[in-house]
Amino acid sequence: MEFSASIQKVFSTAEETGGEYSKIGDHEEPIMGQASAVLLRRFYYDQGGNSKWLATIVQTAAFPILFIPLFLIPSSQEASASPSIPSFRILASVYFFLGVLLAGDNMLYSTSPLYLSASTYSLICATQLAFNAVFSYYLNSQKFTALILNSVVVLSLSAALIAVNDDSDGPSGVSKGKYILGIFCTLGASAIYSLLLSLMQVSFQMVLKKETFSVVLEMQIYTALLATSVSVLGLFASGKWKTLHEEMETFGEGKASYVLTLVFTAVCWQFCSVVVVRLIFIVSSLFSNVISTVGLAVTPIASVIIFTTR
């Protein structure tokens, strides 16, 4: 009951500070997008895919589809833009730093599912809310009520229980050492993801200073472009690109399924990401993370049904 009240309090606070969001009704979009992407990635690994670099790339590679809505936005909607336009050097620095941070975060998120079940992975990811609470307090001057703090604590403790549970299962054949590595990779990814959300909010407020949807698309496009570029460079530098053809040939469900899995994973991640960035822009990084954390509850349920994990 207390947890339910806490979540309701967070939602009500967001509706008071971001009335536009309550009209949009985007609560379900990031939840479904995130759950679908995580399950498709799990499917990729279960069917024989083992390229961490490729799994990292697909998390941002679908960014070109965002150019469609960017070009379709009427120029009249840009009238509210701030007259103070940041220099190219400042914008490039912001997008470069966020893009590189995003690439590193995606790599950690791609490594974790190799050693953890989908349900365990999602539950540990819930710690991102606790990390984001700290970053929001110091970087975004987020005000906390007792109910909001209570919700953060409850979510974080529930995720921590799975991390110290010796009986928690991972994919077959995974050693205890790799299982622990998966836990630490997930915790690290959650911390970096939370920092990334808070830094994006700072960028919107202190650097970009615009009140248009195009600035949301630009943030997602340019950071994803940098993250994809870094990931592709990593793929070729590591030499792992040489194994991709064999991976496709030996994929459990066939070549067509291999390609479709990667394509739909990329689209789902991009769909989820742009809504997450939109929530940061309209409300706050903390609220965006609350939605993502609520979405994590969907994944274990779906994974039990689809992958019959415990």
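Any residue at all in segment 263-274 that is modelled with pLDDT under 90, more than 30 Å from Ser87 (Cβ to Cβ), in contact with a Gly (Cβ under 9 Å, 6 or more places away or on another chain) and open to solvent by 70 Å² or more (accessible area, probe 1.4 Å)? Give the derivation first.
The first filter runs over segment 263-274 and keeps only residues modelled with pLDDT under 90, leaving 271-274.
From what's left, more than 30 Å from Ser87 (Cβ to Cβ): 271-272.
Pick out the ones that are also in contact with a Gly (Cβ under 9 Å, 6 or more places away or on another chain) and you get 271-272.
After this cut, where a residue has to be open to solvent by 70 Å² or more (accessible area, probe 1.4 Å) as well, the list is 271.
Yes, segment 263-274 contains a residue that is modelled with pLDDT under 90, more than 30 Å from Ser87 (Cβ to Cβ), in contact with a Gly (Cβ under 9 Å, 6 or more places away or on another chain) and open to solvent by 70 Å² or more (accessible area, probe 1.4 Å).
Out of Ile7, Ile85, Ile24, one residue alone is among the aliphatic types (A, V, I, L, M), at pLDDT below 85 and surrounded by 16 or more Cβ atoms within 10 Å (Cβ to Cβ). It is Ile7.
Every residue, every condition in (1) within 17 Å of the chain's Cα centre (by Cα); (2) hydroxyl-bearing (Ser, Thr, Tyr); (3) open to solvent by 20 Å² or more (accessible area, probe 1.4 Å), yes or no:
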site: Leu91; (1), (2), (3): no, no, yes
site: Phe96; (1), (2), (3): no, no, yes
site: Leu102; (1), (2), (3): yes, no, yes
site: Pro113; (1), (2), (3): yes, no, no
site: Ser117; (1), (2), (3): no, yes, no
site: Ala126; (1), (2), (3): yes, no, no
site: Ala130; (1), (2), (3): yes, no, yes
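Residue check: Ala14 meets all listed conditions (1) among the small types (Gly, Ala, Ser); (2) crowded, with 17+ Cβ neighbours inside 10 Å; (3) at pLDDT 85 or above but one, namely (3).
Filtering segment 198-229 to residues that are among the hydroxyl-bearing types (Ser, Thr, Tyr) and either surrounded by fewer than 21 Cβ atoms within 10 Å (Cβ to Cβ) or under 24 Å from Leu54 (Cα atoms) (or both) leaves Thr212, Ser214, Tyr222, Thr223, Thr228, Ser229.
The values are calculated or read from the model by the stated rules, or taken from the named source; none is laboratory data. Please read these numbers as outputs of a predicted model, since none were measured by experiment. We place every Cβ from the backbone using ideal geometry, glycine too, and count neighbours over all the protein chains shown. Heavy atoms of the whole protein, side chains included, go into the accessibility calculation; ligands, DNA and RNA do not. Shrake-Rupley method; radii C 1.70, N 1.55, O 1.52, S 1.80 Å.
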